[in-house]
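The structure under discussion appears below in the form of structure tokens.
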Amino acid sequence: MEDKLRNINKNILANEWATLYRVDYDYKFENGDWRTLSRESYDRGNGTGILLYNKAKKTVILTKQFRMPAYVNTPADGMSIEVCAGALDKNEEPEVCIIREVEEEVGYKINSAKKVLECYTSPGAVTEKMFLFIAEYDDSMKINDGGGLEIEDEEIEVLELPFTKAIEMIQNFEIIDAKTIMLLQYAQINGVLS
């Protein structure tokens, strides 16, 4: 890529919860022409997500919480059904992050998770790379009610659903979160609950 880019300049447009940059740069097109372009890039760090599944019960653990950006776009989408997820702390390994998030958000204590996907969900605007995991759970791993951390202003409803119901919820547009759809479809394609 270095031979196609030059004169990269980042200017901060906003720096509250995360950083919004305007990035100006020269880009070399296939025909050899150089053009000066400008894009906005929202940097909120990287994140993790996990599908918790129970083979014996054929269930999955999901969360339901209010998401202001989804509400701004379409008010009916404000309450989002998602896999447990969280933002990585600086220099934190993704697996360490997701193990912590599982305990905070859904109240289960897991010791490990299997990474199955890495993805950008909106690479045209957001820098966030998602590290997506799966892990098996059972009732003995439940150590608290979950619900998120009050100091992070989280109010998370924990949902234990039949896997078949979660797949139906994608098909009827009740689940419209990309990371959740990817992990549920990964489980379906790979027979994770079989």
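The values are calculated or read from the model by the stated rules, or taken from the named source; none is laboratory data. Predicted, not measured: the structure shown is a model, and the values here were computed from it. Virtual Cβ from ideal backbone geometry, glycine too; neighbours counted across all protein chains shown. Keep in mind that these areas ignore ligands, DNA and RNA; they rest on the heavy atoms of the full protein, side chains included. Shrake-Rupley method; radii C 1.70, N 1.55, O 1.52, S 1.80 Å.
The single residue among Glu92, Glu104 that is charged (D, E, K, R) and under 27 Å from Pro162 (Cα atoms) turns out to be Glu104.
In this structure, Ala178 does not satisfy being touching a strand residue (DSSP E or B) at 6+ places or on another chain (Cβ under 6 Å) and modelled with pLDDT of 95 or more.
Could you please find all residues in region 115-171 being aromatic (Phe, Trp, Tyr) and either open to solvent by 90 Å² or more (accessible area, probe 1.4 Å) or at positive phi (or both)? The answer is Tyr120, and nothing else. Residues in region 108-121 that are at pLDDT 95 or above and either hydroxyl-bearing (Ser, Thr, Tyr) or not in a strand (DSSP E or B) (or both): Tyr108, Lys109, Ile110, Asn111, Ser112, Ala113, Tyr120.
Taken residue by residue, region 65-72 has at least one member that is open to solvent by less than 60 Å² (accessible area, probe 1.4 Å) and either more than 30 Å from Asp138 (Cβ to Cβ) or within 15 Å of the chain's Cα centre (by Cα) (or both).
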